[in-house]
Amino acid sequence: MGADRTDGKDAEGREPQREKKKLSRSFGLLVLLGVILVLAGLVGLVYTGVATLTSMFLFGWLLLVGGVVGLLHAVQSRRSTYFWLAVIVAAINLAAGFVVLRRPEASAEALTMFAALLFLTGGVFRLAGSLVVRGSNFGLSLVQGAFGVLLGILILSNWPGNSLYVIGTFFSLALLFDGLSLVALGLSARRILGLVREDKAEPGSGAADDTRQAAEKRPAEDQEQSNN
């Protein structure tokens with residue numbers, strides 16, 4: 001019976017250890033993925049032209065895959081009321097993906113123009129909103145709006161010559177910051193897991209010491225009772 005209890009306790013003690021090892025391994029893979037993204041972002045910032053073309057090819061293939069999936073979904077739901085709408089959206093995605101893959105440079109110019117207009121209009125609306133509302137974040141909103149307007153004007157002033165590196169720069173910066181966030185998340189999670197292990201280990205060691213002391217006191221008490 002004592003051996004069965006000991007085996008059961010060992011099995012219960014080993015199960016949390018396995019789960020903790022799995023979690024630690026998962027967080028390690030998360031850190032590795034973050035490092036890969038950081039390296040990809042740094043390489044993209046060095047070779048912005050290659051990063052722009054790569055992002056265009058990825059965007060084109062995503063449009064093609066989305067168009068095919070949307071078309072299959074439309075065929076499956078051909079008796080529904082939105083069948084023709086789904087077919088039109090899928091056809092637009094397929095056509096856009098084909099154009100992007102066929103003419104990546106022209107697609108980069110169009111996306112650069114769209115990004116510049118987006119920054120410009122977003123900055124203007126943010127400036128107008130901050131001036132009208134004048135809330136607690138007035139200064140921050142004003143700076144963000146001015147930065148958006150300035151960035152949009154800078155992109156438009158050098159367009160289309162800057163289209164070969166603007167999209168690549170944005171894409172590389174996104175990879176870099178996403179990778180840094182994943183690395184920080186994985187390292188902090190592993191550190192918290194290590195603290196949990198230390199907290200778990202301390203009560204267990206104290207309980208073992210109490211059990212050993214009780215076992216040492218028990219023979220001494222039995223000896224005193226037999227002498228009396």
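List of remarks:
- Extension gain (nm, one decimal) between residue 132 and residue 62, 0.36 nm per residue minus Cα-Cα: 21.1 nm
- Total charge dipole magnitude, the stretch 58-193, about the Cα centre, Cβ charges on Lys, Arg, Asp, Glu only, Debye to nearest 20: 380
- Oblate is the label for the stretch 84-190, because a/c, from the alpha-carbon gyration tensor with a ≥ b ≥ c as root eigenvalues, is 1.5 or above and a/b does not exceed b/c.
- Carbon and sulfur %, accessible surface of the stretch 44-161 computed with the full protein complex present, 1.4 Å: 75
- Ranked by the mean number of other Cβ atoms within 10 Å of their residues, highest first, the peptides 159-172, 109-122 come out as 159-172, 109-122.
The values are calculated or read from the model by the stated rules, or taken from the named source; none is laboratory data. Fair warning: this is a prediction, and the values are worked out from it, not measured in the lab. Ideal geometry is used to build each Cβ from the backbone, glycine not excepted, and the neighbour counts take in all protein chains shown. Ligands, DNA and RNA are stripped out before the accessible areas are found, and what is left, the full protein with its side chains, is counted by its heavy atoms. Shrake-Rupley method; radii C 1.70, N 1.55, O 1.52, S 1.80 Å.
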